[in-house]
Ligand SMILES: Cc1cc2nc3c(=O)[nH]c(=O)nc-3n(C[C@H](O)[C@H](O)[C@H](O)COP(=O)(O)O)c2cc1C
């Protein structure tokens, strides 16, 4: 069976969300997916290469820092550019998922994940949540805890105002890794099912 291809489309202004994107990618690769890391650089760039990459992928993971309670402006510019794909339902029935990083423990990250899931729904994509129990249930909400922020819709991570190699912490990186694995396994099943259908 051929490997599923997962495109991780993300923006990171200061490098912290990029750390999360790379941990998601590592997890997805470990579980057998071919991963394309597609970093959005700025709102004015040509999005055609990223749109093409998403069009070729079996699954897409959207990632953005939470800025002012929502996705960053460069990510939103990408989302607006994706209207080209919307007109032809080009992304219909691809798997989709999302992650966001911000400074505060809450920081209104749910608003960002809500938007990412709505973007996927507008494209008739099929959304995959974290599938991870909250740290409050497993007994570890420390910096080393998996899903310490207790998010179901998508991955939430938190970073302090220090260099990206120091924060987000180990638990958040592990959460992102496990989420990447989950997405790769889901995409493998999805691709096999599509072939059978
Ligand atoms: C313009 C701007 C708006 C921000 N708004 C929020 C916010 O709403 N909630 C929050 O918790 N942090 C907020 N932050 C902090 C960032 O989410 C945090 O620094 C994050 O690590 C940035 O990720 P990045 O390094 O990938 O850009 C904001 C930062 C910037 C620059």
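Quick notes
- Verdict on residue 75 being part of a strand (DSSP E or B), within 12 Å of the ligand (Cβ to nearest atom), crowded, with 16+ Cβ neighbours inside 10 Å and in contact (Cβ under 8 Å) with a residue 12 or more places away in the chain: no
- Residue ID - surrounded by the fewest Cβ atoms within 10 Å (Cβ to Cβ), chosen from residues in region 78-99 that are more than 20 Å from residue 156 (Cβ to Cβ) and touching a strand residue (DSSP E or B) at 6+ places or on another chain (Cβ under 8 Å): 93
- Checking residue 32 against (1) away from the ligand (no atom under 15 Å from the Cβ); (2) in a helix (DSSP H, G or I), the condition it does not meet: (2)
- Taking (1) more than 10 Å from the ligand (Cβ to nearest atom); (2) part of a loop (DSSP other than H, G, I, E, B); (3) surrounded by 14 or more Cβ atoms within 10 Å (Cβ to Cβ) in turn, residue 23 satisfies each apart from (2).
- Subset tally (residues that are assigned to a loop (DSSP other than H, G, I, E, B), surrounded by fewer than 23 Cβ atoms within 10 Å (Cβ to Cβ) and either more than 14 Å from the ligand (Cβ to nearest atom) or touching a residue at least 40 places away in the same chain (Cβ under 8 Å) (or both)) for region 35-57: 4
Quick note: the coordinates plus some simple rules give every number you see, no bench work behind them. Please read all numbers here as calculations on a predicted model, not as lab measurements. Using ideal geometry, Cβ is built from the backbone for each residue, glycine included, and neighbour counts are taken over all protein chains shown.
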